Amino acid sequence: MDHIVIIGNGISGVTLARHIRKLSDKRITIISAESDYFFSRTALMYVYMGHMKFEHTQPYENWFWKKNRIDLMNGFVEKVDTDSKKLLLKGGSTVSYDKLVIATGSKPNKFGWPGQDLKGVQGLYSKQDLEMLEKNAPNNKVCNRAVIVGGGLIGIEMAEMLRSREIPVTFLVREKSFWNGVLPAGESAMINEHIIEHHIDLQLDTNLEKVIADDNGHAKAVVTDKGETIECNVVGLTAGVAPNIDFLKDSGIEIGRGVKVNRFLETNIKDVYAIGDCAEQHEGIGSRRPIEAVWYTGRMMGETLAQTICGNPKKYNPGHWFNSAKFLDVEYQTYGWVFSERGKKETEQHFHWRHPEEKICITVAFDKDTNQFLGINTFGIRMRHEIFDQWLTENKDIDHVMTYLKDANFDPEFYKLHEDAIVAKYNSDYNKNINPKKKSWKRIFSIA
Ligand SMILES: Cc1cc2nc3c(=O)[nH]c(=O)nc-3n(C[C@H](O)[C@H](O)[C@H](O)COP(=O)(O)OP(=O)(O)OC[C@H]3O[C@@H](n4cnc5c(N)ncnc54)[C@H](O)[C@@H]3O)c2cc1C
């Protein structure tokens with residue numbers, strides 16, 4: 001019986017193991033150095049904020065693994081020998097495999113800042129990072145101020161976490177506006193305002209120069225490239241992540257920024273595969289990046305590779321891009337492609353609507369020559385994934401999207417609806433006369 005060994009018990013490795021078990025009787029071992037059981041990394045923040053206990057982030061009961069004959073091993077893989085098909089673990093033990101899957105995720109970026117390894121300086125990625133934050137910043141007596149470096153999704157989460165314990169936070173963001181490499185200007189501006197309203201000291205267009213130590217080797221201040229010294233006890237490094245693959249250096253497995261894989265998620269070495277955050281496509285699929293450090297990508301790759309490993313070779317075909325996140329109180333969803341001004345093609349045009357008082361807005365991207373709908377970003381309005389997926393597949397135009405926008409709304413019952421206001425602005429901006437159709441459950445169920 002084939003022995004499938006998976007390094008990494010995150011969403012990608014665990015999804016793969018579950019699907020292999022559904023499809024076959026193969027022997028499966030998952031090795032991880034981080035935690036005994038799979039947990040939801042995206043929920044780590046809620047543990048610190050007191051909304052849940054760490055156990056609640058584990059989607060499966062502890063008996064699940066034994067019952068499904070998935071062996072879990074706690075250990076750190078130091079070396080992979082692809083000739084003898086053996087892994088060397090820290091401490092000296094070895095594990096043999098017939099097929100190996102690398103699903104080792106990411107690690108926080110460090111850019112060689114002086115003082116980046118001092119006590120009190122940390123990323124937010126792992127269970128251990130969460131435990132460290134609990135020690136470094138239990139309250140605002142121990143941590144008088146934290147400085148967060150890097151304005152992305154993890155940075156804003158860390159700021160929200162610390163603010164939940166009333167710890168003053170300074171947020172250094174290299175860009176001139178928050179996440180404006182990804183978000184169009186109007187949305188990015190709205191999130192800037194939202195951050196400031198949450199009493200976070202947002203410093204845009206500002207870089208970290210160095211972290212200064214006290215006599216005990218603990219961070220006591222940062223210096224910015226504006227020459228300002230900011231006293232603090234904790235420095236959060238959240239300037240992006242990179243594939244966690246240092247241990248593969250001399251393995252012969254082809255490495256770029258991540259582990260290079262083809263559309264079947266195969267590496268250059270037979271019987272060795274990579275999935276999730278650590279996998280790098282030789283070429284990005286469509287407009288996607290070669291590395292996608294997001295939850296849904298790991299899950300889709302895990303499902304796909306299970307088919308190949310169980311004898312039904314299947315290409316990774318992620319379909320239309322989608323993602324979701326939260327900026328403090330504002331929920332964000334994206335379907336299809338809405339590029340920021342920096343990444344936008346000349347033919348991509350944006351229709352933007354923003355609520356006059358609340359932090360609610362949408363941006364719809366369309367082709368200015370053909371009117372084809374390209375994607376939508378929504379902030380503070382929940383939309384139905386299946387509907388946008390279908391409209392993108394059927395190359396609907398933006399007038400169709402506006403006409404049937406009410407079908408796409410997925411807000412809870414009794415929420416205030418904004419589609420009439422959105423379509424009115426669209427009509428006024430583009431001199432159109434669209435009458436939004438009433439929501440139809442019949443149409444919705446014919447898609448879902
Ligand atoms: C705070 C935070 C919030 C996030 N929020 C979102 C979100 O809202 N939406 C979204 O789409 N994505 C989000 N992400 C990203 C998402 O969590 C990741 O894309 C996803 O968890 C990656 O899954 P993975 O299975 O590829 O790897 P991981 O979850 O990183 O799992 C890899 C595992 O392998 C282990 N490992 C690594 N090397 C070795 C080794 N040599 N030996 C043994 N074990 C090893 C690691 O310790 C780890 O446990 C967030 C990430 C963080 C950190």
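Residues in region 233-257 that are assigned to a loop (DSSP other than H, G, I, E, B) and more than 10 Å from the ligand (Cβ to nearest atom): Asn233, Ala239, Gly240, Lys249, Asp250, Ser251, Gly252, Ile253, Glu254, Gly256, Arg257. The set of residues from region 300-340 being part of a loop (DSSP other than H, G, I, E, B) and either touching a helix residue (DSSP H, G or I) at 6+ places or on another chain (Cβ under 6 Å) or of a type in the set (Ser, Thr, Tyr) (or both) comprises Cys310, Lys314, Tyr316, Pro318, His320, Leu328, Ser340. Looking across region 140-168, the residues that are within 16 Å of the ligand (Cβ to nearest atom) and either outside any helix (DSSP H, G or I) or among the β-branched types (Val, Ile, Thr) (or both) come down to Ala146, Ile148, Val149, Gly150, Gly151, Gly152, Ile154, Ile156. Against the test of being closer than 20 Å to Lys110 by Cα, among the small types (Gly, Ala, Ser) and at pLDDT 95 or above, the options Gly276, Gly258 yield a single qualifying residue, Gly258.
Taken over region 258-292, the criterion of being more than 14 Å from the ligand (Cβ to nearest atom), not hydrophobic (A, V, I, L, M, F, W, C) and not in a strand (DSSP E or B) is satisfied by Asn262, Arg263, Thr267, Asn268, Lys270, Asp271, His282, Glu283, Gly284, Gly286, Ser287, Pro290. Given Asn62, Asn68, Asn9, Asn74, which one is more than 20 Å from the chain's Cα centre (by Cα) and closer than 26 Å to Lys314 by Cβ? From the options Asn62, Asn68, Asn9, Asn74, the qualifying one is Asn68. Within region 82-97, the set of residues being surrounded by fewer than 14 Cβ atoms within 10 Å (Cβ to Cβ) and not small (Gly, Ala, Ser) comprises Asp83, Lys90, Thr94. In region 36-49, the residues that are within 9 Å of the ligand (Cβ to nearest atom) reach residues that are of a type in the set (A, V, I, L, M) with C-beta atoms within less than 7 angstrom, at least six apart or across chains, in these pairs: Phe38/Val14; Ala43/Met52; Leu44/Leu130; Met45/Met161. Taking every residue in region 146-158 that is under 8 Å from Phe171 (Cα atoms) and pairing it with any residue that is within 8 Å of the ligand (Cβ to nearest atom), at least 6 positions away or on another chain, the pairs with Cβ-Cβ distances below 7 Å are Ile148/Met158. Checking each residue in region 50-75 for being within 14 Å of the ligand (Cβ to nearest atom) and touching a residue at least 60 places away in the same chain (Cβ under 8 Å) picks out Phe54, Leu72.
When Ile434, Ile422 are screened for being modelled with pLDDT of 95 or more, assigned to a loop (DSSP other than H, G, I, E, B) and either within 19 Å of Val182 (Cα to Cα) or not hydroxyl-bearing (Ser, Thr, Tyr) (or both), only Ile434 passes. Can you spot a residue in region 244-255 that is surrounded by fewer than 16 Cβ atoms within 10 Å (Cβ to Cβ) and modelled with pLDDT under 95? Taking every residue of region 244-255 in turn, at least one turns out to be surrounded by fewer than 16 Cβ atoms within 10 Å (Cβ to Cβ) and modelled with pLDDT under 95.
The values are calculated or read from the model by the stated rules, or taken from the named source; none is laboratory data. All values reported here derive from a predicted model rather than from experimental measurement. With ideal geometry, Cβ positions are generated from the backbone for all residues, glycine too; neighbour counts draw on all protein chains shown.
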